[in-house]
1. With the condition kept exactly as written, say whether any residue in segment 162-179 is among the small types (Gly, Ala, Ser), part of a helix (DSSP H, G or I) and within 16 Å of the ligand (Cβ to nearest atom).
2. Every residue in segment 180-203 that is open to solvent by less than 40 Å² (accessible area, probe 1.4 Å) and without any contact (Cβ under 8 Å) to a residue 60 or more places away in the chain, please.
3. Within segment 87-100, which residues are open to solvent by less than 10 Å² (accessible area, probe 1.4 Å) and within 16 Å of the ligand (Cβ to nearest atom)?
4. Could you list, ordered by first residue, the pairs with Cβ atoms under 6 Å in which the first is in segment 372-388 and farther than 21 Å from Gly343 by Cα and the second is part of a helix (DSSP H, G or I), at least 6 apart or interchain?
5. Let me confirm something: among Lys342, Lys268, Lys337, which residue is at negative phi, within 16 Å of the ligand (Cβ to nearest atom) and of a type in the set (Lys, Arg)?
6. Checking the conditions here, which among Cys252, Cys244 is over 21 Å from Ile112 (Cα atoms) and without any contact (Cβ under 8 Å) to a residue 24 or more places away in the chain?
7. Any idea which of (1) in contact (Cβ under 8 Å) with a residue 12 or more places away in the chain; (2) within 14 Å of the ligand (Cβ to nearest atom); (3) surrounded by fewer than 21 Cβ atoms within 10 Å (Cβ to Cβ) is the one Gly84 doesn't satisfy?
8. Pairs under 8 Å by beta carbon, first residue more than 17 Å from Tyr36 (Cα to Cα) and assigned to a helix (DSSP H, G or I) in segment 316-327, partner polar (S, T, N, Q) and open to solvent by 60 Å² or more (accessible area, probe 1.4 Å), six or more apart or different chains?
Amino acid sequence: MISLLPPIEQDPLWKLTARFQADPRPEKLDFVLGVYKDEHAQTPVMNVVHEAELTLARQRASKAYRSLSGHIVFNEAITRLLLGTNATRLDDTATLQTIGGTGALRLLGEMIARADSTAVLWSTDPGYVNHKPIFARSGLVVRPYRWHPHAGTAGSVDMSCVLADLEAAKAGDVVLLHGCCHNPTGLDLDLKGWQSIAELCARKQLIPLVDMAYQGFADGLEEDAAGLRLLTSNLDTVLVAASCSKNMGLYCERTGAALVVTPDPADKALVIATLQDIARANYSMPADHGAAIAALVMENHDAWNTELSAMRHRLINLRSQLADCLDALGAPSTLRKIRHHKGMFSMLFFTPQQMERLRCEFAIYGTDSSRINIAGLSSNVIEYTARSLIAAA
Ligand code: PMP
């Protein structure tokens, strides 16, 4: 049986990471994986998370099974975090704790396919590498819409392309949007852009699915939810996949949530039963620990927000230092647009050959799609990085 399995290509990002680790050059820089790093190149355990873990250890709560929807207090808190503490749609929202943001995307994908097997999932091009596999394996047809047409306009999203491509969508199709910090480009919608998406969805009866994997990494916890909240204020049905991996640093605890905002209470009950049914036949229930931590972290909001803001400002500071240096060295205009990108990532708009040159000549590792993780920088390598990028451009 096993010999009949089709071969699998090794994941390109993990392959690059292995290559980076084997590289003996001391000046090597890792911009590949999408995790936050501090000035010591470590992915820290946040203080609020550590405190929550100590509290949980002291509480010694029973390990008996939790509910089919996961951690109920977590579900309520993350719903308020996403939609707003006093949002009018809170009661319209079905929330299920999931195995990270990935688990939320997959559950929602399977729910969409179960409801309407002809629904097409429209995903940004370029997009997050795992979006297509997740939704294709949920049973959906995945089609791209252009997030930007070419390098020359890389300072902002090209709404004319977005709207033109989504004109081909039919009623019932789902539009996947990145809530903030678009992965891989760092190009986010402004409120006018979100308004256009809301109008398009209303006019064509499309359903938005907002992937919120970096809330708090662009402009702030509240600010980064503004686009999502605009959609929930304007549209009956909105789907959300949320992740606590980045903004709480809970990566390996696999903590996230799937939300479905829908006005009819009977629909809401059906959604909860459906999501539970899909999860039940898969992994039954999500692990509790990450959600229990996250619930305490959200309760300790101010302390969490302070730590998260420090992480965000470190990224903003590194980004502007790099942009200043690129300006001072007379870099091509595409590279200088890095200044306007949001969150952890920027796209260089380099070819795979240029990215390989960066690795071979300068020991700088980004992805073949030319995504770099700004968190991989530190002040002492800004100039080296800027000079290397210009040389490879
Ligand atoms: N969506 C996007 C856009 C992401 O970048 C990521 C993580 N890299 C995820 C979802 C998945 O998040 P998680 O690790 O919580 O499953």
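1. Step one: filter segment 162-179 for residues among the small types (Gly, Ala, Ser), giving 164, 168-169, 171-172, 179.
Next, from what is left, pick out any that are part of a helix (DSSP H, G or I): 164.
Among the residues that remain, those that are also within 16 Å of the ligand (Cβ to nearest atom) are: none.
Within segment 162-179, none of the residues are among the small types (Gly, Ala, Ser), part of a helix (DSSP H, G or I) and within 16 Å of the ligand (Cβ to nearest atom).
2. Let us first name the residues in segment 180-203 that are open to solvent by less than 40 Å² (accessible area, probe 1.4 Å), namely 180-187, 189, 193-194, 196-198, 200-201.
Correct list: Leu189, Gly193, Trp194, Ser196, Ile197, Ala198, Leu200, Cys201.
3. If the condition is that a residue be open to solvent by less than 10 Å² (accessible area, probe 1.4 Å) and within 16 Å of the ligand (Cβ to nearest atom), then Leu96, Gln97, Thr98, Gly100 are the ones that fit.
4. Ser388/Phe362
5. Every option except Lys342 fails the conditions.
6. Of Cys252, Cys244, the one residue that is over 21 Å from Ile112 (Cα atoms) and without any contact (Cβ under 8 Å) to a residue 24 or more places away in the chain is Cys252.
7. Of the numbered conditions (1) in contact (Cβ under 8 Å) with a residue 12 or more places away in the chain; (2) within 14 Å of the ligand (Cβ to nearest atom); (3) surrounded by fewer than 21 Cβ atoms within 10 Å (Cβ to Cβ), the odd one out for Gly84 is (2).
8. Cβ pairs passing all conditions: Gln321/Ser379.
The values are calculated or read from the model by the stated rules, or taken from the named source; none is laboratory data. Keep in mind the model is a prediction, meaning the values are calculated, not measured. Quick reminder, even Gly has a Cβ in these numbers, built from the backbone with ideal geometry, and neighbours come from all protein chains shown. Side chains are part of the model used for accessible areas, which takes the heavy atoms of the whole protein and leaves out ligands, DNA and RNA. Shrake-Rupley method; radii C 1.70, N 1.55, O 1.52, S 1.80 Å.
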